[in-house]
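Undergrad: I'd like to ask you about the structure that follows.
Computed from the coordinates by the stated procedures, all read-outs in this text should not be read as laboratory data. As the structure is a prediction and not an experimental result, all values here were calculated from the model. Here the Cβ positions follow ideal geometry from the backbone for every residue, glycine too, while neighbour counts run over all protein chains shown.
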Amino acid sequence: MVLAHDTERALAAAAALVNTGRNGEDQLSTIDDLHELVRVWKWTGPRAGDAAELAAVRELRPTLARFWSADKDTVVEIVNQVLRDRHALPQLVKHDQWDYHVHATAADAPLADRMAVEAAMALADVIRSDELGRLRVCGGENCEDVYVDLSKNRSRRFCGAACGNRANVAAYRARRAGPASG
Ligand SMILES: [Zn+2]
Ligand SMILES: [Zn+2]
């Protein structure tokens, strides 16, 4: 394991949220879209289920996206600001089937606050481990998705198998076309 399990999970959830706003059609445009995101990523806790909650989560996307594009010092500023502004207070908790882990927001904090703080706490872990380089944007043509490279040798270049396969096919065709074509 490259990072702590809950850090890896939080990063994956943050990437999924960021990716709803990339690659064409917005996949977080309705309250139903948000229900689905919450269900898939198993966000627990109270929900408002209204347009204001959707707007707050959508507003969070560009902030989280900067974790994948900004330099380390800027990421640190954003992380600290999120933790300050959303009143993060780390506490060890145990609930449902999970053993002790850290929650840094009150159980009844708004969904967007919980999402923001969980992502910021994960980034704090990433920065301390000097692993920010693992947060990458897909190298696929026409794909802007972000992902976290958790491979041992930091060799992952694509958001997923589909983009990797497309690139392999393109490289194969280029090779067959001959060295002159590059
Ligand atoms: Zn928990
Ligand atoms: Zn991709």
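Undergrad: Once label points are set 7 Å from the Cα along Cα→Cβ at both LEU150 and VAL102, what is their separation, rounded to one decimal in nm?
TA: Result: 1.8 nm between the two label points.
Undergrad: Among THR30, THR105, THR20, whose mean-square fluctuation peaks in a Gaussian network model of the chain (Cα, cutoff 10 Å)?
TA: THR30
Undergrad: Rounded, prolate or oblate: pick one for region 46-97, where a ≥ b ≥ c are the square roots of the eigenvalues of its C-alpha gyration tensor, a/c under 1.5 means rounded, and failing that, prolate if a/b is larger than b/c, else oblate.
TA: Taking the square roots of the gyration eigenvalues as a ≥ b ≥ c, region 46-97 is oblate.
Undergrad: Which whole-angstrom value gives the distance between the alpha carbon centres of region 11-86 and region 88-144?
TA: 11 Å
Undergrad: Let me ask something else. From the phi of every residue in region 113-124, what ³J(HN,Hα) in whole Hz does the Karplus formula 6.51 cos²θ - 1.76 cosθ + 1.60 yield, where θ is phi - 60° and glycine or proline is x?
TA: 5, 5, 5, 5, 5, 4, 5, 5, 4, 5, 5, 4
Undergrad: If a cysteine in the chain has no other Cys Cβ under 4.7 Å from its own Cβ, put it on the list, ordered by number.
TA: When partners are defined as cysteine Cβ atoms under 4.7 Å apart, the chain leaves CYS163 without one.
Undergrad: First check a/c for region 1-119, with a ≥ b ≥ c the square roots of the eigenvalues of its C-alpha gyration tensor; if it is under 1.5, answer rounded, and if not, answer prolate when a/b is larger than b/c or oblate otherwise.
TA: In terms of gyration-tensor shape, rounded.
Undergrad: May I pose another question? Only four residue types carry charge here, +1 at the Cβ of Lys and Arg and -1 at the Cβ of Asp and Glu. Report the dipole size of region 114-182 about the Cα centre in Debye, rounded to the nearest 20.
TA: Taking the Cα centre of region 114-182 as origin, the dipole is about 440 debye.
Undergrad: For the chain, what is the mean residue ellipticity at 222 nm derived from helices alone (per DSSP H run of n ≥ 4: -39500 (n - 2.57); sum divided by total residues; nearest 500 deg cm²/dmol)?
TA: Calculated mean residue ellipticity at 222 nm is -16000 deg cm²/dmol.
Undergrad: In nanometres, what is the gap between the two model label sites at LEU89 and ASP73, each 7 Å from Cα along Cα-to-Cβ?
TA: With each label point 7 Å from Cα toward Cβ, the separation is 3.3 nm.
Undergrad: Suppose R0 equals 45 Å; then what is the FRET efficiency for MET1 and ALA177 from their Cβ-Cβ distance, rounded to the nearest 0.05?
TA: 0.60
Undergrad: What do you get for the angle between helix 51-65 and the principal long axis of the chain? Use alpha-carbon atoms, 0 to 90 degrees, nearest ten.
TA: Approximately 50 degrees, to the nearest ten.
Undergrad: Going by how many other beta carbons lie within 10 Å of each one, how would you line up MET1, MET115, MET121, fewest first?
TA: Ascending number of Cβ neighbours within 10 Å: MET1, MET121, MET115.
Undergrad: While we're looking at this one, here's another question. Sort 41-54, 59-72 for me by packing, meaning the mean count of neighbouring Cβ atoms within 10 Å per residue, highest on top.
TA: Going from most to least packed, we get 59-72, 41-54.
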